[in-house]
Amino acid sequence: MAGLEDLYRETILDHYRAPRNRGELPVPPAHKVEGFNPLCGDEVVLYLEVDPDTDTVRDVKIAGQGCSISQASTSMMSAAVKGKSVAEARTLTRAFKALMSIHESKIGGDTDEVDVAADELAGVRLGDLEALQGVVKFPVRIKCATLAWNTLTQGLDEIDA
């Protein structure tokens, strides 16, 4: 298991040191959305360009600053959703948030709701994002890992509106 943890650690550090899709897009046509975690100071800025004809995330650029977990998660998110349909991006978001809240389903709660979410997300492949699953051992860091995903959801909601 130590080998897998080392691999995950290296994946996180790789995305932190060399973030994918770093930069800005012209606003408009892109939509700019910012996320902030006041507890630790993490900042995420997303530039989203959604093709209105195909409802596809045509391009995404990221900026911001913060801990290695928040910035690696932002990089991984940008790589995961670029070129995907908005529906696929939303499904990836739900799958990632489910990964980050596994501990909650073990603590208690509505098991029917957990089963429905598990069925809906059964076929979703997270790839490199699974490197962040160790974050659930440190509940205070979950907000670091999910900041980019919450910001993405906000941006997609704003674009839809």
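The values are calculated or read from the model by the stated rules, or taken from the named source; none is laboratory data. Note that the coordinates shown come from a computational prediction; the quantities given were computed from them, not determined experimentally. Note that each Cβ is placed from the backbone with ideal geometry, even for glycine, and that neighbours are counted across all protein chains shown.
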* Asked: If we scan the range 76-86, do we find a residue that is modelled with pLDDT of 95 or more, among the hydroxyl-bearing types (Ser, Thr, Tyr) and part of a helix (DSSP H, G or I)?
  -> yes
* Please go through the range 21-35 and pick out each residue that is surrounded by 18 or more Cβ atoms within 10 Å (Cβ to Cβ) and at negative phi. => 25, 30, 33, 35
* To do: Could you please give the count of residues in the range 65-81 that are under 12 Å from residue 22 (Cβ atoms), under 9 Å from the mean Cα position of the chain (by Cα) and crowded, with 24+ Cβ neighbours inside 10 Å?
  => 2
* Asked: Do we find that residue 35 is at pLDDT 95 or above, of a type outside the set (A, V, I, L, M, F, W, C) and over 18 Å from residue 159 (Cα atoms) in this structure?
  -> no
* Pick from the range 36-54 the residues that are under 16 Å from residue 68 (Cα atoms) and surrounded by 21 or more Cβ atoms within 10 Å (Cβ to Cβ): which of them is farthest from the chain's Cα centre (by Cα)? -> 42
* Asked: What pairs can you find where one residue is in the range 57-70 and on the phi > 0 side of the Ramachandran plot, the other is hydrophobic (A, V, I, L, M, F, W, C) and assigned to a strand (DSSP E or B), and their Cβ atoms are less than 6 Å apart, with a gap of 6+ or different chains?
  -> 64/44; 64/45
